[in-house]
Amino acid sequence: MKILIMIVLSIIASNSVAKDIVLVIPKDPSEMLSSDIQKNIIYLAATVVEPGDRLTLFSVSKNDALIITEDNIPKSSRFNEKKQIFKYLSQRFFPVVGKQLKNSSANTDTIALPIILQRLSLFPTAEVYIFGSPFLASPMNLSNGYPNDGHIVSSLRFSEFGTDTLAKSKSNTVLHWLFPQNLAFVRDYHRTMLTRFFQLYSQEMGFKLCHFSSDIKSLVDGCMEPPVKPLDKSSTKLEFNIVKPLLYVDGVSDDGAWLTTNSIQTQAPRITSGKFEFGITWNCGCDLDLYAAKTGGLEEVSFQNPETSFGYLIKDLLTNPNLNAVTKGYETIVLKQSLDLSKIVLWVNLYKNDSQNNEPIKFTVRARFNGAVYSADYQLEKSKGNGGNSPRLTPYWQKIDLTRLFKLKN
């Protein structure tokens, strides 16, 4: 009977489908992440690895991904028990991982996803486990925002996430991204938008991002649902959306309700120096952009430069903003510095217009200052937009008369 059981187990082992398991770690992880990586790899060895599987360890830097070691679990009935697989890996694979983590010195926990996806073409079918932070420091600081769909639609010439000119992988490779437990997203919205972006980017590259979590035990829950909003392939505008915590105005909790309040100030302010916020909204099927700068155009804030020492853009909206619940229908710039109103220059640009009528484009500008909200309506002449180019003194641009907005006398 014992011999029969061994024969059956041997047949099962020989017929099981071997798979590629790829482990991706930063080249120079911090001590805390190194500890997490070792624990997670041990967990995978105890739950995922089967006889016949091939394990590959990648080390990823900002510019390259190198294979550190590869190992095959023998396809034998002797390895049907997890403890035998674990013992085998303890002798051959784990020491290499430990040595790689021990040699770390730079404390860089980030993973450059474009680098690793380009190398994964070597594995037409694989389970890939990525250990590291998604918060790239450059050229975009993902710790405080997320790229828009235009980055994915574009080419590598314009964005590191560009996919337009790349040969897409036709693989069945699945990605599981496990980031550090202490990773600090700005708020839930930040995590949601980064998750969507990485799902769509992976999809365009020919892969499926199944998990994006700090909890390795969430792997048993199955894959994430696909993004509710699919990739906007018509997006040609490269932008980076900064996410700010709700506590962003002088320490006072703010959910953006001031943008839709009916309590509009009808009298001019008694003082004109302090901190200002500005927002624009419109109703047409077009893309308007708000620009704010100091007199002389210094430290200008816009979708092209979403944060400077002067201020930051809360959200750049690509079409009718009244449909956007997160921003309350307004594209908003918050100025960090306290200064006099006369030192502020505000412009609105018609970037693109898909509207079919020939009427002027009407929009509303709101401002919050010293606890009061000011509002005024403006308009631009009908045109197709200029993509943010051309001199300011053209029909595509409207300089906002701040004396009118704040009810000041000329």
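Between LEU156 and LYS229, the FRET efficiency estimated from the beta carbon spacing at R0 = 30 angstrom works out to 0.80.
Peptides 350-363, 292-305 ranked from most to least packed give 292-305, 350-363, packing being the mean of other C-beta atoms within 10 angstrom over each peptide's residues. In the chain, taking the dipole from charged Cβ atoms about the Cα centre, the farthest positive-side position among GLN379, PRO395, SER143 is held by SER143.
Listed peptides 193-200, 213-220 appear in the order 193-200, 213-220 once ranked by packing, highest mean of other Cβ atoms within 10 Å at the front. Footprinting exposure proxy ranking of ARG157, ARG187, fewest other C-beta atoms within 10 angstrom first, gives ARG157, ARG187. For the pair ASN305 and ASP64, the difference between a 0.36 nm per residue extended length and the Cα-Cα distance amounts to 83.9 nm.
Here the spin labels are modelled as points 7 Å beyond Cα on the Cα-Cβ line, and at THR364 and ILE271 they lie 2.8 nm apart. Each label point was placed 7 Å from the Cα along the Cα-to-Cβ direction; for LYS336 and ASN182 their separation is 2.5 nm.
At each listed q (0.08, 0.17 Å⁻¹), what is the log10 of I(q)/I(0) that the Debye formula gives for region 2-221 modelled as equal alpha-carbon point scatterers? Listed by q, the Debye log ratios stand at -0.31, -1.23. Taking label points 7 Å from Cα along the Cα-to-Cβ direction, GLN356 and ASN40 give a separation of 5.0 nm.
Please enumerate, by chain and number, the lysines with C-alpha under 20 Å from the C-alpha of LYS62, excluding those fewer than 8 residues away in the same chain. Filter leaves LYS27, LYS102. For LYS19 and PHE86, the difference between the fully extended length at 0.36 nm per residue and the C-alpha to C-alpha distance is 22.4 nm. As an equivalent ellipsoid, the chain spans semi-axes of 53, 21, 18 angstrom, where each value is the square root of five times an eigenvalue of the C-alpha gyration tensor, largest first. If R0 is 35 Å, the Cβ-Cβ spacing of SER214 and LYS382 corresponds to a FRET efficiency of close to 0.10.
With a Förster radius of 56 Å applied to the C-beta separation of LYS343 and ASN72, the computed FRET efficiency comes to 0.25.
By other beta-carbon atoms within 10 Å, ranking CYS286, CYS210, CYS223 with the fewest at the front produces CYS223, CYS210, CYS286.
The numbers here are math on the coordinates, done by the rules we state, and not lab data. Computed from a prediction, not measured in an experiment: that's the story for all the values here. Every residue, glycine among them, receives a Cβ derived from its backbone with ideal geometry; neighbour counts consider all protein chains shown.
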